[in-house]
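Below you'll find the structure, written out as structure tokens, and then a few comments.
Bear in mind that the values in this text are calculations on the coordinates, not laboratory data. Quick caveat: nothing in here was measured; it's all calculated off a predicted structure. So basically every Cβ, Gly included, is an ideal-geometry build from the backbone, and we count neighbours across all protein chains shown.
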Amino acid sequence: MQHARILLVEDEINMARTLAKILERKGYRVATASNGEEAVAHLKTERPDVIVTDLNMPVMDGMALLRHLRGPDDSDDGTRRLLTPPTVVLTGHGSTHAAVEAMKMGAYDYLVKPCNPDELLMTLDQILRVSQLERENERLRAEVARHQGFGEIIGHSAAMREVYTMIAAVAGNDSSILITGESGTGKELVARTIHDRSARAEQPFVAMNCGAVSDTLLDSQLFGHKRGAFTGAIAEHDGVFQAANGGSLFLDEIAEIPLALQPKFLRAIQEREVVPLGTHRPVSVDIRLIAVTNRDLEQEVSAGRFRSDLFYRLNVVHLELPPLRERREDVPALAQHYVARYADAFNVEPKIIDPEALDRLTGYDWPGNVRELQNVIERCFALAPAAHIDLASLPASVRSGPRPTSGMDFGEEVPSLAAMERELIVAALRKSAGNKNQAARALGIDRQRLYRKLEKYDLA
């Protein structure tokens, strides 16, 4: 491609001049270096699109230059990335063994000297075309991510963009996070995304559902036990705090921790140390805690079922996930995502969602949220042999659900969503005589979200 930049590393002056003229006639911009050291110095100020280097040179030869370009972090197992920038090596007759070694180190290709000009130009053209395709693919991946979601999380609605902003902000620190939201909204997926984008990504991500363990076993499951600590304790057990050491601990249904166990839990997350059953010796742990609940913990505190000091220790960063009915514009992208997933799982061609079926999916209220939508798409693959997902393919509950259109009559002028939301909040506050907890419950949101909306609409 014309105007691409080539760094030619060749110690033979006549060979360097000849190759440079050939390349310049084809529109390439050529810089030259007589050995590897000069090439390294050049790379500090300019990045070429391709490097063409001889292998046998004084001072620093081509193999030493390749090692420098490859960097100290690549392995020797043959799976390393291609060099950046891509490199073509030149070798003499009888030196193909060295050229093969250079290829193992990541060189893109090799040519035997004196190289055929057409062969050199064809090789460069191929390299530049591949590089252009890689850049285009990277651009397309970024574009898809921008429109569809954040990592594995799908959605481009305003509510989800707010979630993405929060994830990006908290991933870089170790603050405790409380994720709230209805069942099926993807709380564990968000927690895993935070972990994967953090400095702890290479360390364990340990998940536990506190509601799935009996009260009598929860102490042991959380903090561990020593052999003989209780009947049936025939071996030592570390517990999830120690299992997650160095990484992230994800605790679902945090509100299910019994009140009697909450002081010990509070000390564990406050002091970052646990005391296993059967011993009084604390064990230090280094974890990032991500707690999850679908309950209103402030209500649990008010009811005396959850300690206020534990709530404030957990609620350092609060991330609330919106229900699917509040981000209906994300339903088509989510549906297509699960269509692709189950086409792969069932080893069949992806199904096409008919417009009427997609309208019905978008209009449904989704009480089970994203998890329910996923189950509906899987059902369509399991039960419907047709290549299309039509209205008849959907479960009766989805087919008969409320339509997205409203029966309200606004007259000639339809108010904005923001205006309607403000009026609903005012009405809920009036009905509750200003009690924000009652107003939040009437609106189906938690109190913290209500406070944000009060600020938004200048109702504080």
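Let me test this: with uniform point scatterers at the alpha carbons of the range 153-322, what is the Debye-based log₁₀ I(q)/I(0) at q = 0.17 1/Å? Debye curve over Cα of the range 153-322, log10 I(q)/I(0) at q = 0.17 Å⁻¹: -1.04. Relative contact order for the chain: 10 percent, from Cα pairs under 8 Å spaced at least 6 residues apart, divided by residue count.
Helix 187-196 and the longest principal axis of the Cα set of the chain meet at an angle near 30°. Restricted to Cα atoms, the range 217-260 shows a radius of gyration and a Dmax of 11.7, 31 angstrom. So what's the angle, to the nearest 10 degrees on a 0 to 90 scale, between helix 369-383 and the longest Cα principal axis of the chain? Roughly 70 degrees between the two axes. In a reduced charge model with +1 at each Lys and Arg Cβ and -1 at each Asp and Glu Cβ, the chain shows a dipole moment near 980 debye about its Cα centre.
Relative contact order for the range 329-399: what percent, with Cα pairs under 8 Å and sequence separation of 6 or more? Working shown, then result.
Details: 64 pairs, mean separation 28.3, N = 71.
Relative contact order here is 40 percent.
For the range 153-322, the relative contact order works out to 33 percent when only alpha carbon pairs closer than 8 Å and six or more residues apart are counted. Evaluated over the Cα positions of the chain, the convex hull gives a direction-averaged projected area, one quarter of its surface, of 34.3 nm².
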